[in-house]
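In what follows, a single structure is set out as structure tokens and then discussed.
The values are calculated or read from the model by the stated rules, or taken from the named source; none is laboratory data. Note that the coordinates shown come from a computational prediction; the quantities given were computed from them, not determined experimentally. Every residue, glycine among them, receives a Cβ derived from its backbone with ideal geometry; neighbour counts consider all protein chains shown.
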Amino acid sequence: MKNIAILCSGGDVSGMNAALKRFVDYAFDQGMRPFFVENGYEGLIDNKISAAAYSDVAGIISIGGTKIRTSRSERFKESSYRQIALENLREHGITGLVVLGGDGSFKGMQKLSEECNDIGFIGIPSTIDNDIAGTQYCLGVDTALNAIRVAIDSIRDTASSFGRAFVIEVMGRECGYLALVSALTSGAEMCLIPEVPYNLEVYKEEFLEEKEQGRSYFIAIVSEALKNTEQIVQWFEEEIAIESRMTVLGHIQRGGIPTVHDRLMAFHFVTTAIDALREGIKSTVVCYDDGMFLCKDIKDVAFKKYMIDEDLLALGKEFESPQHKQV
Ligand code: ADP
């Protein structure tokens, strides 16, 4: 019987628990023995590896975060600790490891795979930032977008009641995906992200005209990547002459009940990963590309820059040169 293990590394996302459930269920179904590694790469070094049972995943599908915990590990960046991690996997007879994580975790996984020939490694893109090259979807993104949507909808209520501008900072590290999709789908008046050029003078002209016509409030979505949220609040106060408030959504974007979409995506990602391990892959990442789940070489994923797709950027053009909206 083949022993396979799973761990979560880097930032947690909603949908990881659904992935753990599918991992255990499908491994047994395929005649494999599933193992959990607790606490990410730290746990791999500390030998926190144990056999998983159906009872470990009962009732966790609807819970955000990850039951087996996650971590960031400085030690794992050193080869000597990775050697210990490999020995621990061998001690449990593990021949395949699934890593739920982001770009950094995959770089670590790549290092591990270069240092051994007897274990297969497969990554599942898991980050709310949706910033991994080679895949159009990362686990957790839909739940994060819905959390942001709920927050913006609530803020709109108070913004309209008080006649204020609200500047809402959205996560995404260097990537504007979350901010752009949130701005589009919540009908925000302004969206500032690194990928779309913007001109505050153009916004000013538009907003003053709209104010003149009766607009009493504004919703602005700003990507954390730009590091200018406070400046934009000030800009609204000074240039648009409207009382303004800042909301930094922060970690509420990471947690919460996983959406149906994330649960289903978790199932597909894990199924593809286990199938690939059964077939004996060495080092790949499961990617979602044009409606299909494919295994791609890790070098085409972890070491490439992610670009927001052209169709989405085309929708985002409205924020590059905002059109005057009749109010
Ligand atoms: P994410 O996977 O969400 O991008 P991080 O970038 O924090 O999160 O990476 C998670 C972990 O992956 C790090 O704490 C470290 O243990 C490991 N890692 C990241 N980059 C490397 C690297 N170049 N070499 C070895 N391990 C790495």
Among strands (runs of 3 or more DSSP E) completely within segment 21-103, the ones holding 3 or more residues that are touching a Cys at 6+ places or on another chain (Cβ under 9 Å) are 94-101
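Here's the yes/no breakdown for (1) more than 25 Å from the chain's Cα centre (by Cα); (2) not aromatic (Phe, Trp, Tyr):
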residue	(1), (2)
3	yes, yes
10	no, yes
25	no, yes
35	no, no
41	no, no
Is it the case that residue 296 is among the basic types (Lys, Arg) and at pLDDT 95 or above?
yes
Within segment 132-147, is even one residue touching a helix residue (DSSP H, G or I) at 6+ places or on another chain (Cβ under 9 Å), buried (at least 21 other Cβ atoms within 10 Å of the Cβ), in contact (Cβ under 8 Å) with a residue 60 or more places away in the chain and of a type in the set (D, E, K, R)?
yes
Return yes when residue 207 is within 20 Å of residue 317 (Cα to Cα), in contact with a helix residue (DSSP H, G or I) (Cβ under 9 Å, 6 or more places away or on another chain) and at pLDDT 95 or above and no when it is not.
yes
Check whether at least one residue in segment 60-74 is at pLDDT 95 or above, within 16 Å of the ligand (Cβ to nearest atom) and of a type in the set (Lys, Arg), and report yes or no.
yes
Out of the residues in segment 88-108 that are within 11 Å of residue 282 (Cα to Cα) and crowded, with 22+ Cβ neighbours inside 10 Å, which is nearest to the ligand (Cβ to nearest atom)?
97
